[in-house]
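Chemist: Sharing a structure below in structure tokens format, with a few things to ask.
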Amino acid sequence: METRDFHIIAETGIHARPATLLVQAASKFNADVKLTYKDKSVNLKSIMGVMSLGVGQNADVTVSADGDDEKEAIEALADTMKKEGLSD
Amino acid sequence: MAKQLKGIAASDGVAIAKAYMLVDPDLSFDKKTIDNPDAEIKRLHDALDASKAELELIKSKAAKSLGEEEAEVFEAHITILSDPELIGNIEDKIKNDSVNAEQALKDVTDGFIETFEAMTDNQYMQERAGDIRDVTKRVLSHLLGVKLPNPALIDSEVVIVAHDLTPSDTAQLDRKYVKGFITDIGGRTSHSAIMSRTLEIPAIVGSEKATTDIEAGDTVIIDGMHGLALVNPDADEVAKYEKMEKDFLAQKAEWEKLRDEKTLSKDGVHFDLAANIGTPDDIKGVVDNGAEAVGLFRSEFLYMDASELPSEDDQFEAYKKVVEGMKGKQVVVRTMDIGGDKQLPYLPLPEEMNPFLGYRAIRISLDRTDLFRTQLRALLRASAYGKLAIMFPMIATVAEFKKAKAIYEDEKQKMVKAGTKIGDGIQVGMMMEIPAAAMIADKLAKYVDFFSIGTNDLIQYSFAADRGNEKVSYLYQPYNPSLLRLIKNTIDASHKEGKWTGMCGEMAGDQTAVPILMGLGLDEFSMSATSVLKTRSLMKRLDTKEMKKLAEKAVTEAETNDDVIKLVNDAIK
């Protein structure tokens, strides 16, 4: 299993467009991908799950991936986080 | 003669086009027990696929006609329909509970909607509940084999006919094709009406029966000035309204030219033309219509749109947004005017025989000083960001004003001591809306910085006639000399003390009242933003010396409301 921590800097948190793009990125991989915030984990391939976390600015979240392409999944998600200005 | 429908005039202009029925089909269904879950799951997936295909089409159409940003909502809808948690939960429900796909879909999405709506601290998530509702409707329509209207796919000129228009409906409307609309419900301040004025689309709301009396494809004329719709008009009627539309557009273009001009009478006397607003978002309309100030910011929306008392910080943010948006032009905020016809779920007030004569506005503020002080602190903090003035509603006596002002001074001193930054020269005034106060305007004028006449209440209290009661609506007489005398008394008293008087009721933008009010020396006229240019154009044509004579006649010689109307019509013809 691969994990990585992110500090959310985007003013509106993980909302709308970035949430959709994260879900779309995660859905491309076989690995189980999870997003954890405040001890609650959701399926990162589920838009409803991601939105229900209500991740705001300055939140610390963890992304974990478990499966044959877990490394690539984490890299791709880190990429999206950066590109969308969600995290550094 | 065409069939006519009467409603509330929501937005000026004339539209003639085919009706487009934005009406939801019947999506009701029965809960059924099923014995072949696999077949039911296949039905679900077929409906999901059909919905996604439809959304892809709408998305590409919307991206072209409305812009990428508006199209994103449909991308979000598609992502929801591909959600493994959502679909997994519905499939489980079908298998475990042996229910039909419709019921399983409803149960699961209701759960999500409830979760999102419960996030009261997060407006964004609350709005997403609407998205889930929208996609659920779409999938349900495919399960039931009925067709949903898709306003985003409209590609010819139409008049929209709907029971009501929600924000998500309006986001899909292409301004290029939507010429006007008419709804069954709503009033002048409902979302649909406000939106129509923002988009400058002629509209009628509250027609009660638009969706039943109009059919798809009927030709409809919308007369937004008079709140009148004609269904399947004849050639003469079409010609008449085409001319009305042309005149309206020419007139509007003429008014547009006055946007950046000062408001001057024919003889060069300056008057302040201001706008009334209800929320910070209304500032755009104020600026677009060239108003010189905000003469009334009703702070009630902060209380009415909330599920609990608004905090000092929330109020501060709203006031700050408005004073900053006005860039140094004055903003007059009226403190809480709750009670009467405005009730709050979280601040239960005892039921009264005569709520308009009861516990409301400043009477609540002086009793619940905790609420009042919170609001005053938020206002004082916001004053550092622009030019802010404060006024108290429903002041009847000198003692009430003094008491309210003392509380204000107390909070102000505390904040100055604590080093909080506040603005210079904050004016503190009162609404003039109770006849008893108007009679002692000379006494009150010593203590206030300004008066703002609230004509709706002043008329209803002067004539002892409930403004909501149709049986006594003939007593709504804004030009009656009795009322004009109260107004004159107020203006004269303020000027004697070197103070000023504004007016923030409907009457300030009334084209018959404006000439008289100019003659009486009213300093500030505050009205709906959309009336500002029309009024500026009128004032430009009027000479204050002549209006003074007119006002004198209206106050001393006229006996009735009609006498005054005649005087004005003769004078400004």
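Chemist: Could you please find all residues in the range A:1-26 being modelled with pLDDT of 80 or more and at the interface with another protein chain (Cβ under 8 Å from one of its Cβ atoms)?
Modeler: Within the range A:1-26, A:20, A:23, A:24 meet the criteria.
Chemist: Sticking with this one: Which strands (runs of 3 or more DSSP E) sit wholly inside the range B:168-242 and have at least 3 residues that are more than 17 Å from the chain's Cα centre (by Cα)?
Modeler: In the range B:168-242, B:178-183, B:219-223, B:228-231 are the strands (runs of 3 or more DSSP E) which contain 3 or more residues that are more than 17 Å from the chain's Cα centre (by Cα).
Chemist: For the range B:42-66: of the residues being of a type in the set (A, V, I, L, M) and surrounded by 19 or more Cβ atoms within 10 Å (Cβ to Cβ), which is farthest from the chain's Cα centre (by Cα)?
Modeler: Filtering the range B:42-66 for residues that are of a type in the set (A, V, I, L, M) and surrounded by 19 or more Cβ atoms within 10 Å (Cβ to Cβ), the one farthest from the chain's Cα centre (by Cα) comes out as B:44.
Chemist: Within the range B:495-534, which residues are acidic (Asp, Glu) and at pLDDT 95 or above?
Modeler: Across the range B:495-534, the qualifying residues are B:497, B:523, B:524.
Chemist: Select from the range B:1-32 the residues that are modelled with pLDDT of 95 or more and among the β-branched types (Val, Ile, Thr) and write down the one among them that is surrounded by the most Cβ atoms within 10 Å (Cβ to Cβ).
Modeler: Residue satisfying both the conditions and the ranking: B:14.
Chemist: Just checking, which of B:518, B:527 is within 30 Å of residue B:200 (Cα to Cα) and touching a Cys at 6+ places or on another chain (Cβ under 9 Å)? Steps first, please.
Modeler: Working: B:518 fails: touching a Cys at 6+ places or on another chain (Cβ under 9 Å).
On inspection, the qualifying residue turns out to be B:527.
Chemist: Then there is this: Could you check the range A:2-88 for helices (runs of 4 or more DSSP H) lying wholly inside it with 2 or more residues that are over 19 Å from residue B:112 (Cα atoms) and in contact with a strand residue (DSSP E or B) (Cβ under 6 Å, 6 or more places away or on another chain)?
Modeler: Values: elements: A:16-27, A:47-53, A:70-83.
So the answer is A:70-83.
Chemist: When the residues of the range B:69-92 are narrowed to those that are among the acidic types (Asp, Glu) and more than 10 Å from chain A (Cβ to nearest Cβ), which ends up surrounded by the fewest Cβ atoms within 10 Å (Cβ to Cβ)? First the steps, then the outcome.
Modeler: Filtering the range B:69-92 for residues among the acidic types (Asp, Glu) gives B:69-70, B:72, B:75, B:83, B:85, B:91-92.
With the extra rule that they be more than 10 Å from chain A (Cβ to nearest Cβ), the set shrinks to B:70, B:91-92.
Details: B:70: 17, B:91: 18, B:92: 12.
Among those residues, the one meeting the criterion is B:92.
Chemist: If you take the residues of the range A:5-54 that are closer than 15 Å to residue A:67 by Cα and charged (D, E, K, R), which of them is surrounded by the fewest Cβ atoms within 10 Å (Cβ to Cβ)?
Modeler: A:28
Chemist: For residue B:104, all conditions in the list (1) more than 30 Å from residue B:212 (Cβ to Cβ); (2) within 14 Å of chain A (Cβ to nearest Cβ); (3) assigned to a helix (DSSP H, G or I) hold save one; what is the number of the exception?
Modeler: (2)
Chemist: Now a separate question. Only one residue in B:390, B:407, B:453, B:395 is among the aliphatic types (A, V, I, L, M) and more than 21 Å from residue B:303 (Cβ to Cβ), so which one is that?
Modeler: Working: B:390 fails: more than 21 Å from residue B:303 (Cβ to Cβ); B:407 fails: more than 21 Å from residue B:303 (Cβ to Cβ); B:395 fails: more than 21 Å from residue B:303 (Cβ to Cβ).
None of the others qualify; the one that does is B:453.
Chemist: What's the number of the only condition in (1) at pLDDT below 90; (2) of a type in the set (A, V, I, L, M); (3) farther than 30 Å from residue B:177 by Cβ that residue B:101 fails to meet?
Modeler: All conditions are met except number (1).
Chemist: Any idea which of (1) in contact with a helix residue (DSSP H, G or I) (Cβ under 9 Å, 6 or more places away or on another chain); (2) over 24 Å from residue A:34 (Cα atoms); (3) more than 14 Å from chain A (Cβ to nearest Cβ) is the one residue B:39 doesn't satisfy?
Modeler: (1)
Chemist: Looking at residue B:111, is it within 14 Å of chain A (Cβ to nearest Cβ), surrounded by fewer than 22 Cβ atoms within 10 Å (Cβ to Cβ) and in contact with a Ser or Thr (Cβ under 6 Å, 6 or more places away or on another chain)?
Modeler: Answer is no for this residue.
Chemist: Something else: I need the full set of residues from the range A:60-82 which are over 12 Å from the mean Cα position of the chain (by Cα) and in contact (Cβ under 8 Å) with a residue 40 or more places away in the chain, in order please.
Modeler: Correct list: A:66, A:69, A:70, A:71, A:72.
Chemist: Does residue B:118 qualify as being within 13 Å of chain A (Cβ to nearest Cβ), at pLDDT below 95 and loosely packed, with under 15 Cβ neighbours inside 10 Å? Spell out the reasoning first.
Modeler: Values: within 13 Å of chain A (Cβ to nearest Cβ): yes; at pLDDT below 95: yes; loosely packed, with under 15 Cβ neighbours inside 10 Å: yes.
Judged against the criteria, residue B:118 is a match.
Chemist: If you check residue A:57 against the conditions, is it within 14 Å of another protein chain (Cβ to nearest Cβ) and exposed (fewer than 15 other Cβ atoms within 10 Å of the Cβ)?
Modeler: yes
Chemist: Give the range B:545-563 a look and list any residue that's buried (at least 17 other Cβ atoms within 10 Å of the Cβ) and either out of contact with any Leu (no Cβ under 7 Å at 6 or more places or on another chain) or within 30 Å of residue B:195 (Cα to Cα) (or both), or say none.
Modeler: Of everything in the range B:545-563, those that are buried (at least 17 other Cβ atoms within 10 Å of the Cβ) and either out of contact with any Leu (no Cβ under 7 Å at 6 or more places or on another chain) or within 30 Å of residue B:195 (Cα to Cα) (or both) turn out to be B:546, B:547, B:561.
Chemist: Same structure, new question: Within the range A:36-52, which residues are more than 7 Å from every other protein chain (Cβ to nearest Cβ) and under 20 Å from residue B:81 (Cβ atoms)?
Modeler: Across the range A:36-52, the qualifying residues are A:42, A:44, A:50.
Chemist: Give me the pairs: first residue in the range B:37-50 and more than 9 Å from residue B:139 (Cα to Cα), second residue among the aliphatic types (A, V, I, L, M) and not in a helix (DSSP H, G or I), beta-carbon distance under 7 Å, and six or more apart or on different chains, which are they?
Modeler: Within 7 Å, the pairs are B:40/B:34.
Chemist: Is there a residue in the range B:145-158 that is surrounded by fewer than 16 Cβ atoms within 10 Å (Cβ to Cβ) and farther than 26 Å from residue B:180 by Cα?
Modeler: yes
Chemist: Residue B:492 passes all but one of (1) modelled with pLDDT of 90 or more; (2) part of a loop (DSSP other than H, G, I, E, B); which number fails?
Modeler: Going through the list (1) modelled with pLDDT of 90 or more; (2) part of a loop (DSSP other than H, G, I, E, B), residue B:492 breaks only (2).
Each row is one residue, and each column tells you yes or no for (1) of a type in the set (Phe, Trp, Tyr); (2) crowded, with 16+ Cβ neighbours inside 10 Å; (3) over 31 Å from the mean Cα position of the chain (by Cα).
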site	(1), (2), (3)
B:425	no, no, no
B:450	yes, yes, no
B:454	no, yes, no
B:461	yes, yes, no
B:491	no, yes, no
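The values are calculated or read from the model by the stated rules, or taken from the named source; none is laboratory data. This one's a predicted model, so the numbers in the text were calculated from it and none came from an experiment. Positions of Cβ are backbone-derived with ideal geometry, glycine not excepted, and every protein chain shown enters the neighbour counts.
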